[in-house]
Structures are given as C-alpha cells and as structure tokens.
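S.K.: My structure is below; once you've seen it, I'll send some questions.
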Amino acid sequence: MYPELFHIGPMPVRAYGLMLALSFVLGVFYIKYVVERDKRPFEPYLTIATLMILGGVIGARLFYVIFHLEEFAGRWMAIINPFHEGQFGIAGLNLYGGVLLAIAATLWYCRRANLSVLETFDYFSPTLGIGLAVTRIGCFLNGCCFGLPTTLPWGIQFPDGSIPDFVFHGEHLHPTQIYSSLYGLLLFLFLHWMLPRKRFAGQLVAFLFMAEATFRYVIEDIRYYENEMKFSLGGSTITYNQVISLALFLAGLVIYFVQRKRAQTPSVRT
C-alpha cells in the first residue's frame, strides 16, 4: 500500500490521482487510434472525451458526497477544496455517479453535434475497461475500495493505521481492487476485439452495460461498504450500486435486442 508515490517539492503525488490521470490519457490515445483507423475526424471525439472526463469526476464526487453528507457537515467547502490537512487532492469518489453524468454529457453533445449516440458509445466502451484496469490499481495502492475478510490464500493484510486495518483489525481481506483491475483488462481486450466485428450500432455498449452490471452486482457481496451505502429490501441487504447494476443490465438488454432487430429488418425503398 503506497497512497503517496513520491513528492514534487512539498507536494505529494498520490497513487490514485496519478492512476486516474493515466487512465484518462490512455483512453484519449485509444480513441484517437480507433477513430482515425476508421477514417473519422478525431476532434468531436476529443470533445466528448473531455466532457466524459469532467462529467465523470464531477459525477463521481457528487454521488460520494450525497451518500456521505455527515462527513462534510460544518465544512462544506471540503467538497470542492483540493487543499486540506497539508495535502493536495480530493478523496472520495463513486464510480457509478461518474458513469451516469459522463453518459448524460455525451448524450447532450452527440445530439448537438448530430452524431450517432450508440456508435459513439461503441467507440468509447473499451475505454471503461482501460479506466477500471488502471484506476483500481490506484485504489489498491491507496487502500480504498477494499474487500471483506476471507480465508483464501491470496487474501491481503493491509498495514497498521490504514482504513482497512481500522475497520477489520488486521484480518486478511479480499483484494477486490485487483479483481476489478483484472476484470477491467479482460473487458477492454474483449471490447477492443469486438469493435471492428460488431454487427450493429450499440452492440458494444450493450455488452458493456450487461458485463459491468453483472460483475459489479457480484463483487458488491465481497466488498466493504459503510452502512450509508446499504439498505434492506425484502429481507435482504443490498447496496445502492447493486440497484444501479440491475438498471444498467436491463438497459443493456434492451439496447441489444432493439438494435439487433433493427439491423435484421430490411429497409424499404420507395
């Protein structure tokens, strides 16, 4: 666990922030490669990438704050102030909040620029795999997004003074960050392979929604969450992310079958 990788003068460079920035850069280079390969102009996709990055960070922060309001009571500027306790950076993000706002920003721009929404999302779908593969390593180094106790031989014991140690007192935990990173890598490889082979617009984003929803729903059961992120439903305890996962899976299913049917329906010429 290395939450601070090195210092530039008095300013620490934090592992998660660096990995997040790296994932953005890799994602932009990937988009440049695939759209230019397909003889498309890069500029509109660069604008979308910028909107996704901004929307992703703002949305992720907003959703975290909504579910942790007591953490900011009496110091509301801490929500947006990157300078605190002698450090630089904003801690506390929620992945799905970022995804939802990034999607909304992309929908707005695609309609404004007269771009196909589903084709655009197909191009960007592999980049979510890149983001997960890279940023979850940052989570591991930072000691956040950790799992529940396990007796499996690859269970991780976090150092004294870390948040996982404070919560579970030295127990070995599921390395959920590593699980998520490996999943992200596999997701990227599959969607990158699928991109030039897709049969209809929206096929990649449909696969992405269903794969991400399934993985996230399952891993939630072995990942630690504060009580604020959980609630009871029908006698079972689930997280808000699992509810979003169900909606995401249904959205992917609808996109897949609707778009496949449209692709199979012959156009009528008059």
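The values are calculated or read from the model by the stated rules, or taken from the named source; none is laboratory data. Owing to the predicted nature of the structure, the values given are computational and were not obtained by experimental measurement. Heavy atoms of the whole protein, side chains included, go into the accessibility calculation; ligands, DNA and RNA do not. Shrake-Rupley method; radii C 1.70, N 1.55, O 1.52, S 1.80 Å.
S.K.: So for segment 145-206, what are the equivalent ellipsoid semi-axes in whole Å, largest first, each being the square root of 5 times an eigenvalue of the Cα gyration tensor?
M.R.: Values: eigenvalues 276, 22, 13 Å².
The three semi-axes for segment 145-206 are 37, 10, 8 Å.
S.K.: Using 10 Å bins from zero, what percent of all Cα-Cα pairs in segment 227-270 falls into each bin?
M.R.: Cα pair-distance distribution for segment 227-270, in percent: 23, 29, 21, 15, 9, 4, 0.
S.K.: Mind telling me which of LEU233, LEU100, LEU253 comes out most flexible in a GNM of the chain, alpha-carbon contacts under 10 Å?
M.R.: LEU233
S.K.: Report, in deg cm²/dmol and to the nearest 500, the calculated mean residue ellipticity at 222 nm for the chain, where each DSSP H run with n ≥ 4 adds -39500 (n - 2.57) and the sum is divided by the residue count.
M.R.: -20500 deg cm²/dmol
S.K.: I'd like the Karplus ³J(HN,Hα) series for segment 191-199: coefficients 6.51, -1.76, 1.60, θ = phi - 60°, whole numbers in Hz, and an x wherever there's a Gly or Pro.
M.R.: Those phi angles translate into 5, 5, 5, 6, 3, x, 10, 5, 9 Hz.
S.K.: Here's a follow-up. Tabulate in residue order the Karplus-calculated ³J(HN,Hα) for segment 31-36, using 6.51 cos²θ - 1.76 cosθ + 1.60 with θ = phi - 60°, rounded to whole Hz; enter x for Gly and Pro.
M.R.: 4, 4, 5, 6, 6, 5
S.K.: Give the relative contact order (percent, whole number) for the chain; include only Cα pairs under 8 Å separated by 6+ residues. Each step should come with its number before you reach the end.
M.R.: Numbers: 366 pairs, mean separation 49.1, N = 270.
It comes to 18 percent, rounded to a whole number.
S.K.: Hey, another quick one. Tell me the carbon and sulfur percent of the accessible area for the chain, rounded to whole percent, probe radius 1.4 Å. Don't jump to the answer; show the numbers that get you there.
M.R.: Values: 10090 of 15100 Å².
Here it works out to 67 percent.
S.K.: Also, I was wondering about something else. Compute, for ILE255, the solvent-accessible surface of its heavy atoms (probe 1.4 Å) with the complete set of protein chains present, and express it in square angstrom to the nearest 10.
M.R.: 40 Å²
S.K.: Based on the alpha-carbon set only, what is the convex hull volume of segment 149-270 divided per residue, in Å³?
M.R.: Once divided by residue count, the hull of segment 149-270 is 150 Å³.
S.K.: Rounded to the nearest whole Å², what accessible area per residue is found for the chain with the 1.4 Å probe?
M.R.: Details: 15100 Å² over 270 residues.
Solvent-accessible surface per residue comes out at 56 Å².
S.K.: Take the Cα radius of gyration of segment 6-67 and divide it by 2.2 N^0.38 Å, with N its residue count; two decimals is plenty.
M.R.: 1.44
S.K.: For the chain, which semi-axes, largest first and in whole Å, follow from the square roots of 5 times the eigenvalues of its Cα gyration tensor?
M.R.: In descending order, the three semi-axes are 34, 22, 18 Å.
S.K.: Rg/Rh for segment 107-172: what does it come to with C-alpha atoms and Rh from Kirkwood? Numbers along the way, then the final one.
M.R.: Values: Rg = 19.2 Å, Rh = 14.9 Å.
Taking Rg over the Kirkwood Rh, I get 1.29.
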